[in-house]
Amino acid sequence: MSPAGPAWPRLRVLQTLWALLVVLLAPWRLWAIKNTQECTWQVVLNNFETVGKKDASDRFVDQEPLYTVDKVFSQLVDAPIDPDEVRGLVSGKRERSWTCTPLGSGHLPTLSLQTYLGFPYYLKINYSCKGESSEALVRKGHLTGLKPVVLVTFQSPVNFHRWKIEQLQIQMEAAPFRSRERCNAEEVCLMSWYTPMPIKNGSVVMRVDVSSNGLGPFIPNKRFQVNINGFLERQRDNTLQFTVGNELFNLIPRYFVNVPSRPLWYTVDQAPVFILGGIPEEKAILLTDTNFKDFFLVELSIDSCWVGSFYCPQTSFTATIYDAIATESTLFIRQNQLIYYFTGTYTTLHESNRGSGRWVRVLANECIKKLCPVHFHSNGSEYVMALTTGKHEGYVHFGTITVVNCSITWAVFIAGDYNLLLLVEIEDPSTRKYFQVVSYDLVSDYLVVLYTIPEFIPDARGLEFLMVLGTESYTNFPMVPKGMSYNPYNNLLFIWGNFLLQSYNSKNFIYLADFPKELSIKYLVNSFYGDTAIVTETEEIWYLLEGSYQVYKLFPSKGWEVHVSLQVMQQSSLYAPNETMVTLFYEDHGLYQLVYLIDNQQGRLVKRLVPVEQLLMYQQISNDYLLERQGSHLTLSFTNFCPFTVMRLRDLPNPQIYTRQERYRAQPPRVLEPGGFHSDNSLAVYQGLVYYLLWLHSKYDKPYADPVHDPTWRWWKNKKQDQVRGEGGESVGGPSPDPPSPSPCPGTVFAPHPVPQDYYFYLASNWRSAGSVHVDMASYEKIYDLKAENELPERIFLDKGTSYRFSVFLTAREPEPLHGPSFQLQSKVGLAVVLADPECIEAVVKEEVLVNRNSVLFWVTLSDKRFCFDQGISGHHLMKTSMLLKVVGSSGHCFQNTNQGPRMWLCMENSPCHDTIPHSIFASEFFFKVLVSNRGVDKSTYCDYQLTFQLHIHGLPLSARRAFLILMVSASLFVGLVILYVISCLLSPYVVKVCNVLCWKINNIIAWESYIYSIASDTGAFSNTSGIKSGESSGGISRVVSKVAGENRTDTKETLRKKPIS
């Protein structure tokens, strides 16, 4: 029972201290935001020989495991490394071999060693910041505790008949390693971090996500593509050479300048290598295995000698590669009317050397006018379609399909329905040519016409879109279809040419009137996540977002001019006055350009991001602004049309049960080195441990009879048991999983199971681990408790009757309260859910209005309807569908504003307005004159154009360093006052008591001195008036005093008697 007394002072102190802690942490957050976009991760591939070498980089060619790590494991005699147990796991039984060690030797019996394997490559990780030395930064990061965390995601294979379909990841912590370069420093000059680069059978595409462990500098996460290149082979002199042709090292300007851009075709998420043709009059392609982070120009070794024939007319011969398609292991190209393919060497896919020795020509008796890609694999296979011309006009080679008197312009394969959609041009002698969309069922061999495209473009009469019903009026512009694009997730079909039609059922089409009919579309780029980019014949770039009927022009546009101007002012190397777009493609939801730049007479190819959100924001600001007069001057204001200010996803369930993601975690072995740097041996141990961790996963068939559903359980089960045996085989600490065997050696310690993990920790803590390496068994495990992030997973799997539930929190921009008994918020925000397959999936949305927060909370439940799909093996024949969440009125008006999104920084370091100190308690008023000139930027004129702006700024922010200094001084004073207040509260009772005692003593002393003084005064007066002779004795004086006292007492008694009683 706590003592009685007021508790509010303590509570107030705790609240004050919490507020102070939040204030103290604020500057660190400001510094973190400041450095968000200034630092970036750098990752390259190194093999065993190039580890520790500066500027060393390798290609991902070798796919076989290495046996060299076994020599290192043979040195780890007192470590939880049990190769014999691994051998027992391989053979399906336990095999023991014994080593006899005399008692008192300090060593325990160990099992015989087995060969350990490792991966052929490491990931070398560094980071750099703008304007600073990368070498010094890496050292600083290491000294402040920074360790990169690498998450490798293996892409599932296409052939699920051969390989198991699974969503596998492994998370590894990077190990610091000194460079092998000569160093005069005592500790370290150059260093990097390293992790093994694992390989998984059946996977040739890997995503590598690098993040920080939370210590040291703030570095944003970054994703890298690390793919196996099966079109390179290692020569005897250890050099690499292409198997598809010869590498060209000179990027001649005529290859790219004023050359039309072309689409990039590949199997989505499966192709490890991208190829791009279109080099004029050269049988060369651009080839990359890093999504054009780097690339090669390769001249193909094909025989291009065929010109044409009577049945296959060819007006002119060209060496240009026009169509190029990349799949998981095979490349397809078209030159003139010939088709070739080349299969790469991928032992992880085929478990044998099945690569092509040369380009193979197919469909030798056909004249091919076009290759059509199939962007998604299905039924364990990939597909490429070829359209014919000449005597077999109207054939499409998928299965062979033919329609009389027609020409097939484009073909789309719908894998889920095993159906072909054909864009067919019909020639009718009695009428003009017209186009139809035809569906062909490959199972039933049934052909049906779905839609006849109008002859002329409809007249939208100022509308953004128009439903094409056949009753609308038309313009005089003919419709010229050129291709189709289909998204299997949302069933959205586009037909494009000098128009844009879209449909969700391939029968009812909507005409998007924002796209001008004077232009003609060359190709569409689909992200398959709701974004579509459009490239016209004049190299314009347009943008369309699913759920909206507005088509936005990105290039050329006012927003693009603003963006390029800002990039030129920042001296970006990704922009130049003379540039040509080579291709446009999506990567990780971002739109990228491959552009050929000419700067200072030097040409180069660069990959750069197209900032769609920023361009739309700049364009919106330039169009929607208002000039208002305030006093004697005009002010500029902008209208924000976004209906909400804040949007958050909440209550997301743990993802693994829905994403089927399996994740393992591995940490490097601990090294007994003062600086924490690893050696070649410890990195080799890391390789072997990661290899066997994934090997256990691959061999684990998830039997339900296992005590623990964890592939790593058998690896460490005997070493994690707290079990020590004495002589005679007596066990202490629990029963043994296996019966004891007789000791082969008399007078030795008998231990058929290794000692517990505490023993290995004891050795490491005393710096006695063998090989100066300590393996922590808890550092290699499977993770089962991944938490949800603040965004929806990329994909979820719904089983029969299951559901997925989350909430969306929206804060309204302009609330309109309705006054009444309930006082509910009339919000302008509304959430719409669009389902691609409503017959299979249903969505339920419940709304909760939060009046006091001016917000709305929407609960969304996505459920399976139980009757849309048959049973099948997990991961086989999956039905693709999607759900679109749309805030009504937000399309084209709301932009995601994150650390990587649109934002400005004002008055940064080295600028004139940086760290301006106010001279009073009021915010200062500043007037800036900004001079804008074309000097050094615009070289098309001799004139120096200048324009001066006057900016009125109310207050400027302090620098982060000065703000932190002021905060620390203020916080110190505040903490001092708080401590003084706490001390006064605790000591006040004692101080009051001491003061009371002191006052009491002082009063007593004063009263005593006053009493003595009064007695002395009375005695003096009596002696002056008594008239006694000076010669009388003291006894006489005493008698006189006594007599007077007696008389006084008598008078007092008489007075009391006379006083009446009241």
Response to the item:
In this structure, among LYS370/LYS553; LYS130/LYS558; LYS369/LYS482, pairs with alpha-carbon gaps over 18 Å are LYS370/LYS553; LYS130/LYS558
Item to complete: Using a 1.4 angstrom probe on heavy atoms only, work out the carbon and sulfur share of the accessible area of the range 557-623 in %.
Response: 48
Worksheet item: If Lys and Arg each add +1 and Asp and Glu each add -1, what is the summed charge of the other residues whose beta carbon sits under 11 Å from the beta carbon of LEU831?
Response: +1
Worksheet item: Just the projected area, averaged over all directions, of the convex hull on the alpha carbon atoms of the range 476-525: how many nm²?
Response: 3.7
Worksheet item: Between CYS943 and THR115, what length in nm is gained on full extension when 0.36 nm per residue of separation is reduced by their alpha carbon distance?
Response: 290.6 nm
Response to the item:
Under the rule rounded for a/c under 1.5, else prolate if a/b exceeds b/c, else oblate, using alpha carbon gyration tensor axes a ≥ b ≥ c, the range 394-548 is classed as oblate
Worksheet item: Which whole-number percentage describes the relative contact order of the range 229-365, with Cα contacts under 8 Å and a sequence gap of 6 or more?
Response: 22
Discussion item. With a 1.4 Å probe and all protein chains kept in place, how do TYR664, TYR474, TYR759, TYR311 rank by accessible area, largest first?
Written reply: TYR311, TYR474, TYR759, TYR664
Item to complete: Would you give the gap between the C-alpha center of the range 521-542 and the C-alpha center of the range 329-374, rounded to a whole Å?
Response: 27
Worksheet item: Given a 1.4 Å probe and the protein chains all in place, what does the accessible area of LYS553 round to, in Å² to the nearest 10?
Response: 60
Response to the item:
For ALA136, placing the label point 7 angstrom along Cα-to-beta-carbon and taking the range 37-66, residues whose amide nitrogen sits under 18 Å are 38-40
Discussion item. Could you compute the net charge surrounding LEU466? Neighbours are other residues with a C-beta less than 9 Å from the C-beta of LEU466; K and R count +1, D and E count -1.
Written reply: -2
Worksheet entry | Counted charge near TYR127, where neighbours are those whose Cβ lies closer than 15 Å (Asp, Glu -1; Lys, Arg +1) | +3
Worksheet item: Between ASP870 and LEU447, how many nm apart are label points set 7 Å from Cα along the C-beta direction?
Response: 2.7
Worksheet item: For LYS164 and ASN238, FRET efficiency with R0 = 30 Å and r from the beta-carbon atoms, rounded to 0.05?
Response: 0.30
Item to complete: Would you tell me the accessible area of VAL851, worked out with a 1.4 angstrom probe on the heavy atoms of the protein chains, in Å² to the nearest 10?
Response: 60
Discussion item. Need one number: nm distance between label points at ASP624 and GLU186, each 7 Å from Cα along Cα→Cβ, rounded to one decimal.
Written reply: 6.3
Fill in: Sparse-neighbourhood loop sites, chymotrypsin sites (Phe, Trp or Tyr not before Pro) in the range 200-292 - DSSP loop, at most 12 other Cβ within 10 angstrom
PHE249
Worksheet item: When each pair of different Cα atoms in the range 229-365 is counted once in the 1/r mean, what is the Kirkwood radius in angstroms, to one decimal?
Response: 15.9
Fill in: Added length on full extension, which subtracts the Cα-Cα distance from 0.36 nm per residue, SER632 to ASP758
37.3 nm
Worksheet, complete the sentence: Relative to the compact-globule estimate 2.2 N^0.38 Å (N residues), the Cα gyration radius of the range 447-502 stands at a ratio of 1.21
Worksheet item: Going by a ≥ b ≥ c, the root eigenvalues of the Cα gyration tensor, does the range 557-623 fall in the rounded group (a/c under 1.5), the prolate group (a/b larger than b/c) or the oblate group?
Response: oblate
Fill in: Listed residue pairs exceeding 29 Å between alpha carbons, taken from LYS607/LYS782; LYS222/LYS787; LYS200/LYS293; LYS164/LYS787; LYS200/LYS886; LYS283/LYS433
LYS607/LYS782; LYS200/LYS886; LYS283/LYS433
Worksheet item: What accessible area per residue comes out for the range 566-609, rounded to a whole number of Å², with a 1.4 Å probe?
Response: 51
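The values are calculated or read from the model by the stated rules, or taken from the named source; none is laboratory data. Keep in mind that this is a model prediction, so the values were computed, not measured. So basically every Cβ, Gly included, is an ideal-geometry build from the backbone, and we count neighbours across all protein chains shown. Note: areas computed on protein heavy atoms with side chains; ligands, DNA, RNA excluded. Shrake-Rupley method; radii C 1.70, N 1.55, O 1.52, S 1.80 Å.
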